[in-house]
Every structure is written in structure tokens, then in C-alpha cells.
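Inspection log for the structure reproduced underneath, given as C-alpha cells.
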Amino acid sequence: MLTCSDATFFHRAGWQKIIKSVFHHGTYFLYAELDGAIQGILPLAHVKSFIFGNSLVSLPFAVYGGVASINKDATSALEREAEIIARNLGVEHLECRNVKLRHSGWPAQDLYVTFKKEIFKDDASNMQAIPRKQRAMVRKGIANGLLCEFDKNVDRFFALYADNVHRHGTPPMGKKYFEALRQEFGADCEVLTITSSDGTPLSSVMSFYFRNQILPYYAGDDTSARSLAANDFKYWSLMRRACDLGLDVFDFGRSKKGTGSFAFKKNWGFEPTPLHYEYCLYKREKIPQNNPSNKKFTLFIDAWRRLPIGIANWLGPYVVRGLG
């Protein structure tokens, strides 16, 4: 299915192992076959949480999902099977994190967008394509003598990531999750870390490679990163990396509308494309809103910020496994 235009990094079979071994969710990775050739795939996971509800999702912990298919009949067959599984499991809803709209009659989440842009074949052209104000920030990072390194493990990345999400009041993924990603996807899962000239880690990102694209997916930074333009230098370094590898597309990933992340990506000259997260509702009347924008989580976020980071890092993985 690597040749299927609808396929993404999250349609890779390795996610089934990750979701089962790290989060202990039941999985249903469906495929449709015709004359011995696979026509379509649909990765699903059953996420059951006392706090966040009972759902069948394609795919939890992923920004893209749904059916990847080269055949309309295969698409229909896979989605019918998903609905059968959802009903048999007794879930509250089936969620498909589609890039393209598939079901005009299904309720859809109008919350997320994705940002993608073509990469030029040389650094000078890529630098010139960055809007002037953002380009100045990249040059500031260069002038500050920041360094770019590729890590063999997730240690420095996780320390920066965990500190970053803690400041935002968000439970972290566990370190074992990131180690499992590196082990499962190998060279297609890479960690880039930005340091000061004296070697102090400032900002780090874990990226996924798929076909001709690079997707920076998880990131974290030190509180000093902004003043030193370490985040800007980080993504510039990653763009240079993609250029060196001959990749064609920089996928800046998902952001919520109206957030700082959304504005940051716009400042890089990327235009948002709506994502179509579609729901088939069985035991609920409205789409679930299990995200930090939901005001009912305000007290939880404030309380989480006050937790000692050691406790937050220990407790976080038990919370996020139910979020998906």
C-alpha cells in the first residue's frame, strides 16, 4: 500500500505492535484483498477509558487515519466491517481521522488542520521561501551559534518534551513509547536535538519519514529556547535534513485552529488544510471533545502544572492511554 495516495505513516503495520504493546489496546488492522493483491487497509484500535469513554478509532495517537484504498469497493467493504466491529464492541462512537472528507452525513470535527509544503532542492531556495520575519528568527538562531545533532537514543528528547508538556499542563507519553517507536520504525523515526555552543540541549524533535515526506511529530524545548531562536533553528535544520535526503514534502503536522502552534506554522509560509475527523455515533449525541481546548479540562490542566514533574512523568502515560 505504499503506492496508495491515501496512505500515511500511520497506516504502517508497525503501529499495531506499538498500540498493543505500549498502550494495551485491542487492535483491528483490516485489509481488503482481490486476486491476491491488497486493495485497501483500515487500521483500528479499541480505546476504552472510564474517564474519556469507549471508542473505536482510526487511529489513536495519530493525526491521520481512516481507509487507505485504491478501490472504491474495498473502501466500502472496510468501512462496513469497521461498523460491525464497533457495534459488536458496544462502543459509543467510531472515529476516522480522514484527510479527505468521506461521509457528508457523518458528524465531523471542525477543529484541526494540517500544514504541508513542497521542499526545494537547495538550502538557498528554501531559506528564501520562508517569510521575512520568520527568516530573521532562523538567522538569529544561526548567529547564536546553535548546533544540530542527531541522537541515537531518546534521552535528551524526552527530557525536553516532558518538561515542555508539563509547562502546558498536559500529561506526557511515557519514555517507553518513544523508545518503542525508535525500535519499531528504525531509520524512519529520527531524533534531532538543538544545543547551545556549549552543548546544553535547548530543543528537540522526533520526526517520521514516509515515502518522500518528513513529518516532525513530537517536540519539546527548554524555557530558554524562544529567546535563542532554538525552535526556529530546529525546524530550519530539519528542513535542510529533508533537502539533503532528497525529500519533496515537509509535513508540519496537525494544529488546532487559533493556537500558537497554528500561528507559528503560518509564519513559516505554510497554508492550513482542514482535516476531516468523522464520527459514526452509537451511544452519544455529540462528538467527544477530549482536547485541551475543552473548558471542562481547565481545572485539570492547572492542577497538572502544579504536580512535581517526576510524578507527572510517572502518572502521565496512564492518563494519555485513554485519550488516544
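Sequence gap of 8 or more, or different chains, plus Cα separation below 15 Å: how many lysine pairs satisfy both in segment 157-300?
Lysine pairs, 8 or more places apart or on different chains, close enough: 6.
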Quiz item: With every protein chain left in place, what is the accessible area per residue of segment 188-324 in square angstrom, probe 1.4 Å?
Solution: 46 Å²
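Roughly how many Å² is the accessible area per residue of segment 1-99, as a whole number, for a 1.4 Å probe? Could you put the intermediate results ahead of the total?
Numbers: 4350 Å² over 99 residues.
Accessible surface, normalised per residue, equals 44 Å².
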Quiz item: How many angstrom lie between the C-alpha centres of segment 113-136 and segment 205-280?
Solution: 11 Å
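Leu299 to Thr259: extension gain in nm, 0.36 nm per residue of separation minus the Cα-Cα distance?
On the way: separation 40, 0.36 × 40 = 14.40 nm, distance 1.92 nm.
Net length gain for the segment: 12.5 nm.
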Exercise. Any chance you could look up the accessible area of Glu79 with a 1.4 Å probe, heavy atoms only, rounded to 10 Å²?
Key: 20 Å²
Exercise. Identify the trypsin sites (Lys or Arg not before Pro) of segment 86-121 meeting these criteria: DSSP loop state and at most 14 other C-beta atoms within 10 Å of the C-beta.
Key: Lys100, Lys121
Quiz item: If R0 is 41 Å, what FRET efficiency do you get for Phe50 and Thr223 from their C-beta distance, rounded to 0.05?
Solution: 0.75
Self-check item: Surface share of carbon and sulfur [accessible, 1.4 angstrom probe, percent] for the chain
Solution: 53 percent
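Calculate for the chain the 222 nm mean residue ellipticity that helices alone would give, adding -39,500 (n - 2.57) per DSSP H run of length 4 or more and normalising by residue count, nearest 500 deg cm²/dmol. Mind showing how you got there, number by number?
On the way: 11 runs with 114 residues, N = 324.
Calculated from helices alone, the mean residue ellipticity at 222 nm is -10500 deg cm²/dmol.
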Practice problem: Report, largest value first, the span of the C-alpha coordinates of segment 41-158 along each principal axis, in whole Å. | Solution: 59, 35, 28
Quiz prompt | Cβ-derived FRET efficiency at R0 41 Å, Arg240 paired with Ile84, nearest 0.05 | solution = 0.30
Quiz item: In Å, what is the Rg of the alpha-carbon atoms in the chain, and how long is Dmax?
Solution: 20.0, 60
Practice problem: Extending each Cα 7 Å along its Cβ direction at Asp188 and Trp314, get the distance between those two points in nm, one decimal. | Solution: 3.6 nm
Quiz prompt | Distance in nm between pseudo-label sites at His24 and Glu285 (7 Å out along the Cβ direction from Cα) | solution = 3.5 nm
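The values are calculated or read from the model by the stated rules, or taken from the named source; none is laboratory data. Keep in mind that what you see is a predicted model, and the values were worked out from it rather than measured. All Cβ positions, even for glycine, are placed from backbone atoms using ideal geometry, and neighbour counts span all protein chains on display. Quick note on the areas: whole protein, heavy atoms, side chains included, nothing else; ligands and nucleic acids left out. Shrake-Rupley method; radii C 1.70, N 1.55, O 1.52, S 1.80 Å.
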